[in-house]
Amino acid sequence: MTYNIAIDGPAGAGKSTIAKRVAKELSFIYVDTGAMYRAIALYLLRKGTNTDSAEAVSSALEEIRISIAYENGEQQVLLNGENVSGLIRTEEVGNMASKAAALPCVREKLLELQRELARSHDVVMDGRDIGTNILPEAQLKIYLTASADTRAKRRYSELREKGQNCDFDEIREDIIRRDEQDTNRTIAPLRQAADAVYLDSSDMTIDEVTERIKSLCREHKI
Ligand code: DC
């Protein structure tokens, strides 16, 4: 049996930062499912695939192989063997990922990879539908959120730190549009699982959120 912790929530809620920390402290692996959607999005962007056509996306998917590897404990995502981890953290790729993620064929493509990772390793897995759809039996589920303003501020600082030129209002709009897209799609929408613990991180530090999750782990005998 493996231990599975699912962390879902909207863009910029701090899921990856927190999930990485918790995974490290528990010696679990961290699985960033968003990166898998982003790798597919990068392929579609490079190819200029028309994402309004499910057939075009579906045939592009046949040419795509997504896998992950770990380098110094950091997840790397491979697109047909190419490590694209450094190329997928842009708003353009994020928006395309959100759009592509609404298509059933795209979700189907990643479902088994995600479940298999959780079957074979103790994982902290973050995404949008982990607690509701991918790992309904996870021993602990967290729904991590924060106000749209807080999330936009965090994303803005993150991008600036990486030296990317960006506009705060645009990022805030992107975040709101992405929330809408991820929440209102018909298949596996972003939703809090009935048995997930709701955590609003707007007024919490990374340490406080990490501590809270670690204490929930103890309560859940993880
Ligand atoms: O977490 P992120 O920003 O890297 O995710 C990019 C997009 O991928 C997100 O807007 C929606 C989609 N996604 C998804 O639909 N399901 C997941 N489990 C993870 C991401």
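The values are calculated or read from the model by the stated rules, or taken from the named source; none is laboratory data. Predicted model, so just to flag it, every value in this text is computed and none were measured. All Cβ positions, glycine included, derive from the backbone under ideal geometry; neighbour counts span all protein chains shown. The accessibility values were calculated without ligands, DNA or RNA, using every heavy atom of the protein model including side chains. Shrake-Rupley method; radii C 1.70, N 1.55, O 1.52, S 1.80 Å.
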- Low-density loop cleavage sites - trypsin sites (Lys or Arg not before Pro) in region 156-222, where at most 15 other Cβ are within 10 Å (DSSP): K162, K221
- Query: What are the principal axis extents of the Cα atoms in the chain, in Å, biggest first?
  - Reply: 48, 41, 36
- Task: Starting from the Cα of E108, move 7 Å in the Cα-to-Cβ direction to define the label point; list residues of region 62-94 whose amide nitrogen is under 20 Å from there.
- Result: 62-67
- At R0 = 35 Å the Cβ-Cβ FRET efficiency linking D203 and E173, nearest 0.05, sits at 0.90
- Query: Taking +1 at the Cβ of each Lys and Arg and -1 at the Cβ of each Asp and Glu, which of A13, A69, M1 sits farthest along the dipole of the chain towards its positive end, judged by Cα position relative to the Cα centre?
  - Reply: M1
- Phi to ³J(HN,Hα) by Karplus 6.51 cos²θ - 1.76 cosθ + 1.60 over region 185-197, Hz, x for Gly, Pro: 5, 6, 9, 6, x, 5, 8, 7, 5, 4, 9, 8, 8
- Expressed per residue, the solvent accessible area of region 125-200 in Å² (1.4 Å probe) is about 52 Å²
- With respect to the cross-link table entries K24/K109; K24/K153; K24/K47; K20/K99; K47/K214, which display a Cα-Cα separation exceeding 31 Å? K24/K47; K47/K214
- Which value, in Å², gives the accessible area per residue of region 1-85 when a 1.4 Å probe is used on the protein heavy atoms? 43 Å²
- Message: From the protein chains alone at 1.4 Å, what is the descending order of accessible area for D182, D149, largest first?
- Response: D149, D182
- Query: What's the carbon and sulfur percent of region 27-109's accessible surface, probe 1.4 angstrom, rounded to a whole number?
  - Reply: 48 percent
- For H121 and K153, calculate 0.36 nm times their separation in residues minus their Cα-Cα distance, and state this gained length in nm to one decimal. 8.1 nm
- Note on the structure: Once A54 and R212 are pulled to full extension, the length gained, defined as 0.36 nm per residue separation minus their Cα-Cα distance, is 52.7 nm
- Note on the structure: If every Lys and Arg gets +1 and every Asp and Glu gets -1 at its Cβ, then about the Cα centre the chain yields a dipole, in debye to the nearest 20, of 260 debye
- Note on the structure: Packing-ranked peptide list from 5-11, 54-60, highest mean Cβ count within 10 angstrom first, is 5-11, 54-60
- Message: Under 8 Å for C-alpha pairs, at least 6 residues apart: give me the relative contact order for region 65-222, rounded to a whole percent.
- Response: 23 percent
- Extension gain from C166 to K47, taking 0.36 nm per residue of separation minus the Cα-Cα distance: 40.3 nm
- If you count the DSSP beta bridges with both ends in the chain, what percent of them are antiparallel, to the nearest 5? 30 percent
